[in-house]
Amino acid sequence: MSKLKYWLWLTHLPQVSNQERLTLLDHLGTPEAVYYAEEAEVALTGVSRRCMEALKEKSFDAAEITLEACYRLGLRILTIRDTEYPDRLRNIYDPPVLLYVRGRLPLFDEEAAIAMVGTRKCTPYGVASAEKLSYAMAKQGALIVSGLAEGVDAAAHRGALRAGGFTAAVIGGGHDVVYPACNRYLYEDIAASGVILSEYPPGTEHLGRHFPVRNRIISGLSLGVVVVEAPLRSGALITAHAAAEQGRDVFAVPGPIDAPTSAGTIQLLREGASPVAEGWDVLSQYAAQYPHKLTAYLVDPPEPLRPLEQPAPPAAEEPKEELPVLDLTKEQGLTDDQIHILQALTEGTMQVDELIEMTQIPARRALSALTLLELEGYVRQESGKRFAMAVRLRD
């Protein structure tokens with residue numbers, strides 16, 4: 001077994017807090033050194049008597065089980081000493097000693113990462129606001145971080161995925177225990193095109209006490225935190241306060257003044273949070289720092305109206321391009337997803353999010369189907385990341 005077994009041994013001792021693990025590593029250097037340290041040497045670190053007693057447990061059984069589960073689930077184990085561990089997270093007060101990673105780990109320190117959080121019991125206004133804002137920010141170059149919970153979190157991830165952007169989810173349990181169950185497909189979509197992080201090993205239930213703990217990671221990975229909807233007693237407010245303590249910027253989306261879900265955001269605005277009405281309200285704070293990442297432009301601008309008193313002259317008809325015919329009754333190589341996308345595109349050119357909305361195909365599958373259709377020459381990508389038919393269908 002690799003040296004990872006010592007990291008897993010240290011993080012699997014429930015009587016040892018994360019702060020005590022960090023203290024032991026600061027004084028003794030490595031988990032392996034902690035494992036073999038004499039009691040007198042451990043005592044000099046200043047950890048509690050309870051911690052010292054826990055360190056006497058030398059079994060690697062739990063570590064072996066976790067390593068096998070990580071291999072089975074395709075998880076990577078990232079330790080605080082690894083070079084890919086984000087400095088942004090490493091420098092908070094209580095960084096996780098170890099993270100379980102599924103998906104592609106971005107270089108967070110080089111990204112304009114924005115966290116978006118809010119209540120699970122949000123209103124339709126909260127869902128729409130979260131999805132609209134995350135969509136706009138992802139289009140303009142931001143990386144969206146949230147917690148994969150029901151409500152605002154899920155809407156934030158969906159908006160980023162529909163924009164074709166990158167999103168990171170931080171969960172409060174094991175990767176093999178998807179919570180809530182209704183986010184199963186969203187979990188898979190994020191794992192396929194983004195990243196999911198947890199400091200809890202596989203098999204860990206998503207307990208209530210885990211969520212406030214994981215919130216420090218959401219804010220720690222980000223430049224700022226946007227709170228969409230939150231009552232006064234809310235995990236979203238815990239995240240906002242953690243962000244403020246970490247030196248992060250806090251933003252709040254205004255809501256109806258008499259709505260319980262607005263009480264928390266109104267309080268944040270009173271405390272100095274910046275109001276947010278559109279994505280660039282947030283990203284403009286970081287545009288100078290990340291000019292190569294962030295671009296200000298209107299997302300899906302409306303078509304300009306022509307003045308009624310000056311009607312445009314009729315345009316001369318151009319000869320229509322004669323497209324090759326694709327006979328769906330004879331084509332055996334297309335999947336159902338590809339066929340549904342082709343049929344949707346007969347209505348006109350569309351962006352990815354419009355196709356997902358019309359076909360109700362999960363984002364990961366829709367992107368995969370579009371890529372294959374483009375390679376086969378059945379669709380083409382036009383300006384504005386819009387897709388159009390490159391063939392005519394014969395049903």
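The values are calculated or read from the model by the stated rules, or taken from the named source; none is laboratory data. On a predicted model such as this, the values are computed, not experimentally measured, just so you know. A quick note on method: Cβ atoms are made from the backbone with ideal geometry, for glycine too, and the neighbour counts reach across all protein chains shown. The area values use the complete protein model at the heavy-atom level, side chains included, leaving out ligands, DNA and RNA. Shrake-Rupley method; radii C 1.70, N 1.55, O 1.52, S 1.80 Å.
Considering (1) basic (K, R); (2) under 30 Å from G279 (Cα atoms); (3) in contact with an Asp or Glu (Cβ under 8 Å, 6 or more places away or on another chain), say which one R102 fails and leave the rest. Just one mismatch for R102, condition (3).
Scanning the range 183-206 turns up no residue that is at pLDDT 95 or above, closer than 24 Å to N18 by Cα, open to solvent by less than 10 Å² (accessible area, probe 1.4 Å) and more than 15 Å from the chain's Cα centre (by Cα). Enumerate the helices (runs of 4 or more DSSP H) found wholly within the range 239-351, keeping only those where 3 or more residues are open to solvent by less than 90 Å² (accessible area, probe 1.4 Å) and either modelled with pLDDT of 95 or more or farther than 30 Å from R392 by Cβ (or both). Qualifying helices (runs of 4 or more DSSP H): 263-270, 279-283. Each residue in the range 204-227 was checked for being more than 17 Å from D109 (Cβ to Cβ) and assigned to a loop (DSSP other than H, G, I, E, B), and 6 of them qualify.
When the range 221-238 is filtered for residues that are small (G, A, S) and open to solvent by 10 Å² or more (accessible area, probe 1.4 Å), the ones remaining, listed by number, are S234, G235.
If you go through the range 353-395 and keep only what is open to solvent by less than 30 Å² (accessible area, probe 1.4 Å), among the small types (G, A, S) and part of a helix (DSSP H, G or I), you end up with A363, A366, A369. If the condition is being touching a residue at least 60 places away in the same chain (Cβ under 8 Å) and touching an Asp or Glu at 6+ places or on another chain (Cβ under 8 Å), then the range 239-258 contributes A243, V253, G255.
For the range 97-129, the set of residues classified as buried (at least 19 other Cβ atoms within 10 Å of the Cβ), at pLDDT below 95 and among the aliphatic types (A, V, I, L, M) consists of V127 only.
Restricting to the range 33-77, and then to whatever is under 32 Å from the mean Cα position of the chain (by Cα) and of a type in the set (K, R), can you tell me which residue is farthest from G173 (Cα to Cα)? Ranking the qualifying residues of the range 33-77, first place goes to R72.
Scanning the range 6-30 for residues that are open to solvent by 40 Å² or more (accessible area, probe 1.4 Å), outside any loop (DSSP other than H, G, I, E, B) and within 24 Å of G174 (Cβ to Cβ) yields a single hit, Q19. From the list Y135, Y85, exactly one residue is open to solvent by less than 20 Å² (accessible area, probe 1.4 Å) and of a type in the set (F, W, Y). Which is it? Just one listed residue meets the conditions, Y85. Considering the conditions (1) out of contact with any Gly (no Cβ under 6 Å at 6 or more places or on another chain); (2) of a type in the set (V, I, T); (3) closer than 18 Å to S222 by Cα, T123 is excluded by exactly one of them, (3). Is it the case that A181 is farther than 19 Å from T265 by Cβ and in contact (Cβ under 8 Å) with a residue 60 or more places away in the chain? Answer is no for this residue. With respect to the conditions (1) of a type outside the set (D, E); (2) surrounded by fewer than 22 Cβ atoms within 10 Å (Cβ to Cβ); (3) within 30 Å of T11 (Cα to Cα), R216 lacks only one, and its number is (2).
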